[in-house]
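For reference, the structure is listed below as structure tokens.
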Amino acid sequence: MRRSFLRGKPPGIARSLKQRLEEKNWTDPALDFKVNIGFSLSQETKREERIQYCRSRKDDASLERLARLRKLLVPLEEVKKVWNETVGPSHIRRVAEHYGIFEHLFGDAYFIPVVPLDIKFKVDDFYIPSCYGNNIKPNEASQEPDVRYDADEGTLWTLILTNPDGNLSEADSECVHWFIGNIPDNDISKGEVIFSYLQPFPPKGIGYQRLVFVLYKQEKRIDYDAFKKSSSKNVLSERTFRTEDFYRNRQDLLTPAGLSFFQSSWHPSLTDFFHNVLEMKEPFYEYDFPKPYIKPQVWFPLRQAFNLYLDKHRDEKEIAKEFLLKKLKKEHPFEGPAPTLKYPNAFSINKKYPSWLRLEMKKERLGWGRVNDY
């Protein structure tokens, strides 16, 4: 069973809503109320079975002995399977709420991902999985991933990879990276490709971007011709997408069932990607910090490190010149730089030196501060 995606409140829930407001200390039902648009998850029977199973295992003395001798083998695949069948969907939902996935894709709605998604990107001879928020670099996700899930025979599915942080031209919009509809059972290769796979491309200076896989179960075959782009080139304006509008217009035909997401940040390989694939100038972002407030100078700056105090009132160019000359003085023009200490803190500094000098020497060893920039 599932509920429709409505801004208003479904009839007959006034009492339960009031109880929820009291339990969670909510104040405004219009802002705090969330509606489940996915499949309901009944865990009561499995929960009781799981409790009985755990109790029986705790009373098994042979398992305790094997654990004490470090000979107890844990079947990870079986553990993962049981987790997916019991508390896994609820855990994934909580993690997704922490990352703001539901809020920024569905607004006032959420769903419990009852269909586990196994998504892996192949890099050389190994695979990198999408693990609900892990960091996958753009060069590691340059090719479309291997997607697997369990599906009943004769069912149809839609898989969408969208980026709620990746639209460079329109605010409050997403960038769709992959869109495959009318997938028979779980065979992605036989689905209808609406948008071919496009790798993540977070610009330099923007930080991390979220890329979200959403798997929908279809009630019947859906006509997606209106979404298909007109040209074969990767035009970002044609990939503008809004999950909320997409689902709202098709809520009677689609039900979200699976969820997976990862994060991605800038990588040097994106320079060529912007120029050669997207055919555009690579954007980058910088923070324009206001100048810090500096107190007027005083005769006796008590309880302040005098070197840091004086640096605040010195010309920045003079400080940069001092560190550059200091670095050039130690380097030979025909020899490489001196090897760094493998364990800098393992070498003591003479306590006869003043505290400010010891601190400067420590920073230089560890590569802290301005000395690391020149």
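What lysines sit close enough to LYS295 to cross-link, taking a C-alpha to C-alpha distance under 26 Å and skipping anything fewer than 8 places away on the same chain?
Answer for LYS295, where 26 Å is the Cα cut-off: LYS312, LYS317, LYS321, LYS363, listed by chain and number.
For the stretch 57-120, which whole-number percentage of the solvent-accessible area (1.4 Å probe, protein heavy atoms only) is attributable to carbon and sulfur atoms?
The C+S portion of the solvent-accessible surface of the stretch 57-120 is 53 percent.
So, in Å, what gap is there between the alpha-carbon centers of the stretch 78-109 and the stretch 174-239?
Result: 21 Å between the Cα centres.
Net charge near TYR208, counting Lys/Arg +1 and Asp/Glu -1 over other residues with Cβ under 13 Å of its Cβ?
Neighbourhood net charge equals +2.
Working out 0.36 nm times the residue gap between HIS98 and SER173, then minus their Cα-Cα distance, what length gain in nm do you get to one decimal?
25.0 nm
Calculate the spin-label point distance for VAL298 paired with ALA320, positioning each point 7 Å from the Cα along the beta-carbon direction, and give it in nanometres.
3.2 nm
Using per-residue counts of other Cβ atoms within 10 Å, averaged over each peptide, order 298-304, 129-135 from highest down.
Highest mean packing first, the order is 129-135, 298-304.
Can you tell me the relative contact order of the chain? Whole percent, Cα pairs under 8 Å, sequence separation 6 or more.
For the chain, the relative contact order is 15 percent.
Can you list the lysines whose alpha carbon sits under 24 Å from that of LYS34, skipping same-chain ones fewer than 8 residues off?
LYS9, LYS18, LYS24, LYS217
Rolling a 1.4 Å sphere over the protein heavy atoms, what is the accessible area per residue of the chain, to the nearest Å²?
Result: 68 Å² per residue.
What aspartates and glutamates sit close enough to LYS229 to cross-link, taking a C-alpha to C-alpha distance under 12 Å and skipping anything fewer than 8 places away on the same chain?
Reachable aspartates and glutamates: GLU238.
Just checking my list (i) 19.1; (ii) 32.0; (iii) 20.0 against mean projected area of the Cα convex hull in nm² computed from this structure; which label fits?
(ii)
Tell me, in nm to one decimal, what length is gained between PHE284 and VAL82 on full extension, where the rule is 0.36 nm per residue of separation less the Cα-Cα distance?
68.3 nm is the gain from fully extending PHE284 to VAL82.
In the neighborhood of GLY133, defined by Cβ-to-Cβ distances under 14 Å, what is the net charge if each Lys or Arg adds +1 and each Asp or Glu adds -1?
With Lys, Arg at +1 and Asp, Glu at -1, the neighbours total +1.
Once amide H atoms are built 1.01 Å from N in the peptide plane, which residues 5 or more positions from ILE194, or in another chain, come under 5 Å H to H?
Residues meeting the criterion, in which the H sits 1.01 Å from N, are PHE179, ILE180, GLY181.
Taking the Cβ of VAL235 as the center, what net charge do the other residues with Cβ under 11 Å away carry, scoring Lys and Arg +1 and Asp and Glu -1?
Once positives and negatives cancel, what remains is +1.
Length gain on complete extension for the stretch LYS342 to VAL277, per 0.36 nm per residue less the alpha carbon to alpha carbon distance?
19.2 nm
For a quick check: with amide H placed at 1.01 Å from N, whose amide H comes under 5 Å from ASN167's, ignoring anything fewer than 5 positions away on the same chain?
Excluding prolines and chain starts, which carry no amide H, the hits are CYS175.
Where nothing but the Cβ of Lys and Arg (+1) and of Asp and Glu (-1) is charged, how large is the charge dipole of the stretch 162-208 around its Cα centre, in debye to the nearest 20?
My answer is approximately 220 debye.
Which percentage, to the nearest 5, of the DSSP beta bridges contained in the chain is antiparallel?
Roughly 90 percent of the beta bridges in the chain run antiparallel, per DSSP.
The values are calculated or read from the model by the stated rules, or taken from the named source; none is laboratory data. Nothing here was measured: the structure is a model prediction, and the numbers come from that model. Heads up, the Cβs are rebuilt from the backbone with ideal geometry, glycines too, and the neighbour counts pull from every protein chain shown. To get the accessible areas, we keep the full protein, side chains included, count just its heavy atoms, and leave off ligands, DNA and RNA. Shrake-Rupley method; radii C 1.70, N 1.55, O 1.52, S 1.80 Å.
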